[in-house]
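Data block below; observations after.
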Amino acid sequence: MTDKEFREEYKPLQVPAHFDKTASIADQTLYALGQLGSATADEVAGELMNLHSDEAGKDLIGGVHLILTEWHTKGLIAATDENGDLHYSLQKITEANDGHVNPDLLAPGLD
């Protein structure tokens, strides 16, 4: 994989500002997850079905599961296991920095 291909494959996700029924399933999934904050794949699919309100079906649900799994595998989104269900979120940092730095562990020239 070239550097250009890597940057394209792992570029940060950008949540669309508005829902668009004609957008790709990935953009729709990203929009729904952004609206929900943290949700299971089924909850994201349910949100999309509510937004579509007419033609959503099994293809949509399968697509949402596939996309969220792919994004999580690539490290583009976070997921936490809650009672056996993965809850996906756009928040990748899950623990606050404690603010402590051990200067003895810094590489030379970084102090």
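Glu5 satisfies every condition listed in (1) modelled with pLDDT of 90 or more; (2) in a helix (DSSP H, G or I) except (1). Here Lys74 meets each of (1) in contact with a Phe, Trp or Tyr (Cβ under 7 Å, 6 or more places away or on another chain); (2) surrounded by 15 or more Cβ atoms within 10 Å (Cβ to Cβ) with one exception, condition (2). Annotation note: of Leu30, Leu66, Leu76, Leu60, the sole residue that is assigned to a loop (DSSP other than H, G, I, E, B) and at negative phi is Leu76.
The values are calculated or read from the model by the stated rules, or taken from the named source; none is laboratory data. Values in this document were obtained by computation on a predicted structure and should not be read as measured data. Because the Cβ atoms are built from the backbone with ideal geometry, glycine has one as well, and the counts that use them run over all protein chains shown.
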